[in-house]
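Worksheet for the structure shown next.
The values are calculated or read from the model by the stated rules, or taken from the named source; none is laboratory data. Small disclaimer: the values here were computed from a predicted structure and weren't measured. Ideal geometry is used to build each Cβ from the backbone, glycine not excepted, and the neighbour counts take in all protein chains shown.
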Amino acid sequence: MSDFFGVVNFDDPPDRPFIAGDIRLDDRGALRDDTDADVILRAYERWGDECVHHLLGDFAFAIWNGRELFCARDHFGVKPFYYARRGNTFVFSNAIAALRKHPIVTDAIDDSAITDFLLFGWQQDRESTAFRDIRCLPAAHTLDARAMRMREYWTLPIEEPMRGDPVEGFRDVLARAVRDRTPEKVTVSLSGGIDSSAITALARDVTSDIDAYAIAFDSLIPDDERPFATSIANHLGVRLHVIDGGAYRYFDSRVAREQPRNDPLDAISFDMHSAAAQRANVMLAGQGGDAVMYASHSYFFNLLRRGRFIRFAREIAAYHRRPFGLRSSLRRALRFKKKMETPPPWVKARDVVDRWQRHFGDEEDIHPTRPQAYNILRDAGWQRLNEYLDPAAIGAPVEYRNPYLDVRVVRYVLRVPPMPWFAEKELLRASMRGRLPENVRTRRKTALRVDPTHVLMTRQADELATIVQSCEALEPFVDRMQAAATIRSPQRTPFESYLLAFPLGLALWPILKKR
């Protein structure tokens, strides 16, 4: 974890090549005594811009040798890379705040990016930020900054399906991903589910110095995360710290964000990361587990739609329980579609419906056996989540690491046959047999029965509606009266509460008020 900031004048070449970035490399073999930056410099000297094909890990960096300014970002965009250019001046950093201090960068807002934020909570254009002058290097891309040529160097592979029992191999590749990310002292974001529990168990093989942090909402809504997290911590012998999520208010203020806030409970994340930073500088997490373990029901309804009934029956019979989501797969196979939610009527942009349909419409099935998992893992949301949780953005000096988004793990699971291994995360559960308490290992995916943000919005409805209604700077983007009325409405749905967080986050963004 290291902040970086660079200014390059293309008319003023350096005396020798230099590299600036935030880099954590895996699988270094005989190069363990070299720094990560030295390894990348040597790779660039040998392979040029093809060096990224030889790198594994999380990285964002720029190399300036007087002829070329080569910039690169890792496969899933774990490390942010922002930049701006005017004339022959190019500035870059992992932090938007650093770029905003440079004179070539103004506070001009990107209106299209703001529309995306109001609809989805983040920009769909992977290169955009909330600021017109500041751009973002997308995940798995390189940039020749002098020529301003960008290219995608990697995409999720489609490889031959695996044969045989995949459990031991999966356990090994996930353990390696955890081991590469786990220092002697580490913290873990722990829920009561299988994803983060598995990461904690594998980290325990690396170190005994672990502090786990869980968030419980049982003081606000029905929530059984606390006893499950306690069971895991006791079983593995790790120290557990439980944060009372029900004690927070909607959009509690902690630190100012450089971009609009999309999470009304981000104060919880700040407090958890700040507390974790007192114990260690790394936090492991189980985010990405749902994506890599996604059951991809469309594979089965496509078998039915193509009339391949014998193969469908054979693969279903291979699983001794009723497959998760089978009913919805059959329904879709018969061409019944779930109704798409309508876009929020308070967003004013002319192309709202087009943006909404592009985002939520049916996607092409690219991967032959795991199409939905494949598409989820390709989504821009992972890049945006990583940017949101970066230490420079969240304001707490702890690095968030997700072993499930390790390239080796993702490649492995995309080769595993969908049945029985991704019905209710059977692959992960089988790999954790004997490692976790049985009540945790066999616990099915359980969402909160009530959304805490929906409850808090109802409790603070008048206060929150007034924030939107009184913010004149929102007027170009939001029908303030309609948004405020929906906040106050007793018939407001949880999905509407989710969407209303975005105009509220924008209204509370200090930059908007300077417009």
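For segment 487-496, give me each residue that is surrounded by fewer than 21 Cβ atoms within 10 Å (Cβ to Cβ) and either at pLDDT below 95 or not basic (K, R) (or both).
Filtering segment 487-496 down to residues surrounded by fewer than 21 Cβ atoms within 10 Å (Cβ to Cβ) leaves 488-496.
Once the filter is applied, which keeps residues that are surrounded by fewer than 21 Cβ atoms within 10 Å (Cβ to Cβ) and either at pLDDT below 95 or not basic (K, R) (or both), segment 487-496 yields S489, P490, Q491, T493, P494, F495, E496.
For segment 485-515, what are the residues that are farther than 13 Å from L118 by Cβ and assigned to a loop (DSSP other than H, G, I, E, B)? Can you show your working first?
Quick first cut of segment 485-515, residues farther than 13 Å from L118 by Cβ only: 485-497, 508, 510-511, 513-515.
Within segment 485-515, S489, P490, Q491, R492, T493, L508, K514, R515 meet the criteria.
This table checks each residue for (1) modelled with pLDDT of 50 or more; (2) acidic (D, E); (3) out of contact with any strand residue (DSSP E or B) (no Cβ under 8 Å at 6 or more places or on another chain).
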{"residue": "L304", "(1), (2), (3)": "no, no, yes"}
{"residue": "F309", "(1), (2), (3)": "no, no, yes"}
{"residue": "R332", "(1), (2), (3)": "no, no, yes"}
{"residue": "P368", "(1), (2), (3)": "yes, no, yes"}
{"residue": "E387", "(1), (2), (3)": "yes, yes, no"}
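Restricting to segment 91-128, name every residue that is in a strand (DSSP E or B) and more than 13 Å from E258 (Cα to Cα).
Within segment 91-128, the subset in a strand (DSSP E or B) is 91-93, 109.
V91, F92, S93, listed by residue number.
Residues to consider are Q482, Q469; find the one that is out of contact with any helix residue (DSSP H, G or I) (no Cβ under 9 Å at 6 or more places or on another chain), farther than 30 Å from V167 by Cβ, in a helix (DSSP H, G or I) and not assigned by TED's automatic domain parsing to the domain that holds F120.
On the way: Q469 fails: out of contact with any helix residue (DSSP H, G or I) (no Cβ under 9 Å at 6 or more places or on another chain).
So the residue among Q482, Q469 that is out of contact with any helix residue (DSSP H, G or I) (no Cβ under 9 Å at 6 or more places or on another chain), farther than 30 Å from V167 by Cβ, in a helix (DSSP H, G or I) and not assigned by TED's automatic domain parsing to the domain that holds F120 is Q482.
Check whether at least one residue in segment 101-111 is of a type outside the set (F, W, Y) and closer than 30 Å to G288 by Cα, and report yes or no.
yes
List the helices (runs of 4 or more DSSP H) inside segment 348-389, counting only whole elements, that have at least 2 residues being in contact with a Ser or Thr (Cβ under 6 Å, 6 or more places away or on another chain). Full working, then the answer.
Working: elements: 352-360, 371-377, 381-389.
Output list reads 371-377.
Considering segment 210-235 alone, what residues qualify as being without any contact (Cβ under 8 Å) to a residue 40 or more places away in the chain, more than 25 Å from the chain's Cα centre (by Cα) and under 26 Å from V173 (Cα atoms)? Break it down stepwise before answering.
Looking only at segment 210-235, we keep the residues that are without any contact (Cβ under 8 Å) to a residue 40 or more places away in the chain, and these are 210, 212, 214, 216, 218-219, 225-227, 229-230, 234.
Still in the list and also more than 25 Å from the chain's Cα centre (by Cα): 218-219, 227, 230, 234.
Listed by number, the list holds a single entry, N234.
Determine the pairs where a residue that is in contact (Cβ under 8 Å) with a residue 60 or more places away in the chain, located within segment 153-174, has a partner that is of a type in the set (D, E, K, R) and outside any helix (DSSP H, G or I) with Cβ atoms under 6 Å apart, the partner being 6 or more residues away or on another chain.
As it stands, the answer is L156/R378, since those pairs meet every condition given.
Scan segment 136-170 for residues that are closer than 29 Å to I40 by Cβ and loosely packed, with under 13 Cβ neighbours inside 10 Å and jot them down. I'd like the intermediate steps shown before the answer.
Of all residues in segment 136-170, those closer than 29 Å to I40 by Cβ come to 136-159.
Matches in segment 136-170: A147, M148, R149, R151, E152, T155, P157, E159.
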